[in-house]
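Enquirer: This structure is in structure tokens; I'll ask about it shortly.
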Amino acid sequence: MKTVRTKAELKAALAGLSGTRALVMTMGALHEGHLSLVREAAKAADNVCVSIYVNPLQFAPGEDYESYPRRLGADLALLEQHNVALVYAPLDEDIYPRTPLVRIDPGPVARILEGKTRPTHFAGVLQIVHKVISLVQPQKAFFGQKDAQQLALIRTMAADLDLPVEICSVPIRREASGLALSSRNAYLSAEEKKAAETLSQSLFAARSGAAAGLGADAAVERIKAALAANPLIETDYVHAVDPDTFLILDGEKQVHGRALLVLAARVGSTRLIDNLEVDFR
Ligand code: AMP
């Protein structure tokens, strides 16, 4: 496994790889969720390339850019055991030699849900995803269903800008309690972690409800009530969305068929997201 920090080093390392490449992009502090992307990538290509970069462009002032966990040494040791050919951990000054002038406009889906509380987030995400895909030139790139709105926007960018890459998705990895794995779980106290389990549990309960005939609006209300019952949780949003377009379905029309229940909530000072696909009759 080779680790490179600059575009020049990356170019030289890529020239030494033969066969196909699959890319996994991460912000580090790696956990089993990231590793499941690496495993899927390894099945799909001859070489797995992993990027590790806490991208300043996707954090707004006051968010956790400075405090985001950075553990490059431990991450590299973990990736060594997972059949990874190349790790690209760019240096800020090399990947952004100056503040970029040309920006990607992620369009309307970036202004709802996550984009409502984080209005500049997805533009920053798409900027780095476009850059790293252009630099690594993989045949396939793997992203987690955990960040479902991000995945939908990356798919749209790849389609609308004709990026020569196949965008592949990987299901959410969860703890036994149901809590979706996230690098941000490291911020949670034991008590907050227990409270955070309510997020996934409320989604799973809503899915069971849907199987018994519960409608989307009622499912959303049930999730909101379950979250509101815990004083450590402050709900940002709960919605049923179209799994492909990400347009909000609940409150708009009768929902029949597949929908994604999505939620965001603050547990203590940590903002967490989760989602689950549900079939409404
Ligand atoms: P991050 O390091 O949080 O930017 O995540 C890097 C990639 O890993 C993204 O495509 C995420 O969607 C994915 N990912 C993060 N957590 C999980 C999880 N629990 N299950 C599956 N994929 C995940």
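The values are calculated or read from the model by the stated rules, or taken from the named source; none is laboratory data. These numbers were taken from a predicted model, which means no experiment stands behind them. FYI the Cβ positions are ideal-geometry reconstructions off the backbone, even for glycines, and counts take in every protein chain you see. Side chains included, ligands, DNA and RNA excluded: accessible areas come from the protein's heavy atoms. Shrake-Rupley method; radii C 1.70, N 1.55, O 1.52, S 1.80 Å.
Enquirer: Residues in segment 261-281 that are under 18 Å from the mean Cα position of the chain (by Cα) and buried (at least 21 other Cβ atoms within 10 Å of the Cβ): how many?
Expert: 10
Enquirer: What do you reckon, is Asn83 over 23 Å from Asp147 (Cα atoms) and modelled with pLDDT under 95?
Expert: On the way: over 23 Å from Asp147 (Cα atoms): yes; modelled with pLDDT under 95: yes.
For Asn83, the condition - over 23 Å from Asp147 (Cα atoms) and modelled with pLDDT under 95 - is met.
Yes/no matrix, rows are residues, columns are (1) within 11 Å of the ligand (Cβ to nearest atom); (2) of a type in the set (D, E, K, R):
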| position | (1), (2) |
| --- | --- |
| Ala15 | no, no |
| Leu23 | yes, no |
| Gly28 | yes, no |
| Ala42 | no, no |
| Asp46 | no, yes |
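Enquirer: Separate question: Are there any pairs with C-beta distances below 6 angstrom linking a residue in segment 141-153 that is touching a residue at least 60 places away in the same chain (Cβ under 8 Å) to a residue that is more than 6 Å from the ligand (Cβ to nearest atom) and among the charged types (D, E, K, R), with the two at least 6 apart or on different chains, and if so which?
Expert: Listed by first residue and then by second, the contacts come to Phe142/Glu40; Gln149/Glu114.
Enquirer: Just the residues that are of a type in the set (Asp, Glu), over 19 Å from Ile128 (Cβ atoms) and without any contact (Cβ under 8 Å) to a residue 12 or more places away in the chain, please, taken from segment 57-90.
Expert: Once the filter is applied, which keeps residues that are of a type in the set (Asp, Glu), over 19 Å from Ile128 (Cβ atoms) and without any contact (Cβ under 8 Å) to a residue 12 or more places away in the chain, segment 57-90 yields nothing.
Residue-wise test of (1) under 27 Å from Ser200 (Cα atoms); (2) within 14 Å of the ligand (Cβ to nearest atom); (3) open to solvent by 10 Å² or more (accessible area, probe 1.4 Å); (4) aliphatic (A, V, I, L, M).
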| site | (1), (2), (3), (4) |
| --- | --- |
| Gly107 | no, no, yes, no |
| Gly115 | yes, no, no, no |
| Pro119 | yes, no, yes, no |
| Ala123 | no, no, yes, yes |
| Val132 | no, yes, no, yes |
| Val136 | no, no, no, yes |
| Lys140 | no, yes, yes, no |
| Asp147 | yes, yes, yes, no |
| Arg155 | yes, yes, yes, no |
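Enquirer: Which residue pairs have Cβ atoms closer than 9 Å, lie 6 or more positions apart in sequence or on different chains, and pair a first residue in segment 25-43 that is more than 15 Å from Asn55 (Cα to Cα) and basic (Lys, Arg) with a second residue that is more than 6 Å from the ligand (Cβ to nearest atom) and in a helix (DSSP H, G or I)?
Expert: Final answer for the pair search is none.
Enquirer: Test Leu227 against the criterion of being open to solvent by less than 30 Å² (accessible area, probe 1.4 Å), without any contact (Cβ under 8 Å) to a residue 60 or more places away in the chain and within 16 Å of the ligand (Cβ to nearest atom), and give yes or no.
Expert: No; evaluated as a whole, the condition is false for this residue.
Enquirer: For segment 68-82, enumerate the residues that are among the acidic types (Asp, Glu) and open to solvent by less than 60 Å² (accessible area, probe 1.4 Å).
Expert: If we filter segment 68-82 for residues that are among the acidic types (Asp, Glu), which is where we start, we get 75, 80.
If the condition is that a residue be among the acidic types (Asp, Glu) and open to solvent by less than 60 Å² (accessible area, probe 1.4 Å), then Asp75 is the only one that fits.
Enquirer: Give me the helices (runs of 4 or more DSSP H) completely within segment 108-212, filtered to those with at least 2 residues that are under 21 Å from Leu35 (Cβ atoms) and in the same structural domain as Lys7 (by TED's automatic domain parsing), ordered by residue number.
Expert: 121-136, 148-160
Enquirer: Please find, within segment 231-252, the residue that is farthest from Val220 (Cα to Cα) out of those that are modelled with pLDDT of 95 or more and open to solvent by less than 30 Å² (accessible area, probe 1.4 Å).
Expert: Looking at residues that are modelled with pLDDT of 95 or more and open to solvent by less than 30 Å² (accessible area, probe 1.4 Å), I get Ile233.
Enquirer: Right, next: Restricting to segment 230-246, what's the tally of residues that are touching a residue at least 24 places away in the same chain (Cβ under 8 Å) and over 30 Å from Ser189 (Cβ atoms)? Don't jump to the end; show me each part of the working.
Expert: At the first step, the residues of segment 230-246 found to be touching a residue at least 24 places away in the same chain (Cβ under 8 Å) are 230, 232-241, 243-246.
Imposing the further condition that a residue be over 30 Å from Ser189 (Cβ atoms) reduces the set to 240-241, 243-246.
Summing the residues that are touching a residue at least 24 places away in the same chain (Cβ under 8 Å) and over 30 Å from Ser189 (Cβ atoms) in segment 230-246 gives 6.
Enquirer: For segment 1-57, what are the residues that are open to solvent by less than 20 Å² (accessible area, probe 1.4 Å), under 20 Å from Ile95 (Cα atoms) and part of a helix (DSSP H, G or I)?
Expert: Scanning segment 1-57 gives Leu10, Ala13, Leu14.
Enquirer: Let me ask something else about it. Find all pairs meeting these conditions: Cβ atoms under 9 angstrom apart; at least six residues apart or on different chains; first residue within segment 163-190 and closer than 25 Å to Lys43 by Cα and near the ligand (Cβ under 9 Å from one of its atoms); second residue assigned to a strand (DSSP E or B) and open to solvent by 50 Å² or more (accessible area, probe 1.4 Å).
Expert: If the second residue must be assigned to a strand (DSSP E or B) and open to solvent by 50 Å² or more (accessible area, probe 1.4 Å), the pairs left are Ala180/Arg174; Leu181/Arg174.
Enquirer: Among the listed residues Arg222, Arg184, which satisfies the condition of being in contact with a Phe, Trp or Tyr (Cβ under 9 Å, 6 or more places away or on another chain) and of a type in the set (D, E, K, R)?
Expert: The unique qualifying residue is Arg184.
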